[in-house]
Amino acid sequence: APFLGELCQITDGKKEATDDDAVEMKKGVQWVQVDLGKSFTIHAIAMWHDHRYVQSIRDVILQVSEEAEFKSGVTTLFNNDVDNSSGIGVGTDREYFEMEFGRVVPGKGVKARYVRGYTKGSNQSALNCWQEIEVYALPAQ
């Protein structure tokens, strides 16, 4: 559970660089999950972690799945955990500076109902922060 903000803020469309739009969680590997309600063909996912400060977020992992538990059928769309310190798998994506534009990740047309995003602090803080997740998709056929 977050200690600042509410989880529902992660999908409320507000992604300004203010304390009111930030959802902060404790240190260590933390994740947030979005239920799209039904299966969609995902074309892109945009994410904002914390652009109140210039920083790079550590161990950003973005996964999608048809099942809520993420035990099978998981597709990883982004992973910058190059040393597997989060224990989810080694990633090959590069760290990036968090900006007001967010980070857009191609969805590759994968079909999924659930989106899960992991983080493990930043170069400035051990705490985890999310501001928004936006999924660009069409109903799965």
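Among 29, 72, 46, which residue has its Cα positioned farthest towards the positive end of the charge dipole of segment 1-112, with +1 placed on the Cβ of Lys and Arg, -1 on the Cβ of Asp and Glu, and the dipole taken about the Cα centre? So the residue furthest toward the plus end is 72. Compute the relative contact order of the chain as a whole-number percentage, counting only Cα pairs closer than 8 Å that sit 6 or more residues apart in sequence. About 40 percent, as a whole number. Size descriptors for segment 63-131, from the alpha-carbon set: Rg then Dmax equal 12.9, 35 Å.
At full extension, residue 69 and residue 124 could sit 16.7 nm farther apart than now, given 0.36 nm per residue minus the alpha carbon distance. Sites counted here are chymotrypsin sites (Phe, Trp or Tyr not before Pro) in a DSSP loop (not H, G, I, E or B) having no more than 10 other Cβ atoms within 10 Å; the longest part of the chain that contains none of them is 4-100.
Treat every Asp and Glu Cβ in the chain as -1 and every Lys and Arg Cβ as +1, leave all other atoms uncharged, and give the resulting dipole magnitude about the Cα centre to the nearest 20 debye. Provide the component values of the computation, followed by the final result.
Working: 15 positive and 21 negative charges, 93 e Å.
I would put it at about 440 debye.
If you roll a 1.4 Å probe over segment 1-78 with all protein chains in place, what percent of the accessible area is carbon or sulfur? Walk me through the numbers before you get to the answer.
Numbers: 1980 of 3940 Å².
Summing carbon and sulfur atoms, their accessible area is 50 percent of the total for segment 1-78.
The calculated FRET efficiency for residue 27 paired with residue 6, based on their beta-carbon distance and R0 = 25 Å, is about 0.80.
Let me check I've understood the local charge: for residue 125, count other residues with C-beta under 13 angstrom from its C-beta, Lys and Arg +1, Asp and Glu -1. What total comes out? After counting each charged neighbour, the total is +2.
Within a Cβ distance under 12 Å of residue 33, other residues only, what is the Lys/Arg minus Asp/Glu net charge?
On the way: positive: 113, 116; negative: 35, 67, 69.
Spelling it out: positives minus negatives among the neighbours equals -1.
Spin-label pair residue 136-residue 53: with each label point 7 Å from Cα along the Cα-Cβ axis, the two points sit 3.0 nm from one another.
Expressed as a fraction of 2.2 N^0.38 Å, the rule-of-thumb size for a compact globular protein of N residues, what is the C-alpha radius of gyration of the chain?
Compared with the compact-globule rule of thumb, the chain sits at 0.97.
Which residues in segment 40-56 have a backbone N closer than 16 Å to a point placed 7 Å from the Cα of residue 104 along the Cα-to-Cβ line? Only 42-48 pass the distance filter.
The values are calculated or read from the model by the stated rules, or taken from the named source; none is laboratory data. Just so we're clear, the structure is a prediction, and the values are computed from it rather than from any experiment. Heads up, the Cβs are rebuilt from the backbone with ideal geometry, glycines too, and the neighbour counts pull from every protein chain shown. Surface areas here come from the heavy atoms of the whole protein model, side chains and all, with no ligands, DNA or RNA. Shrake-Rupley method; radii C 1.70, N 1.55, O 1.52, S 1.80 Å.
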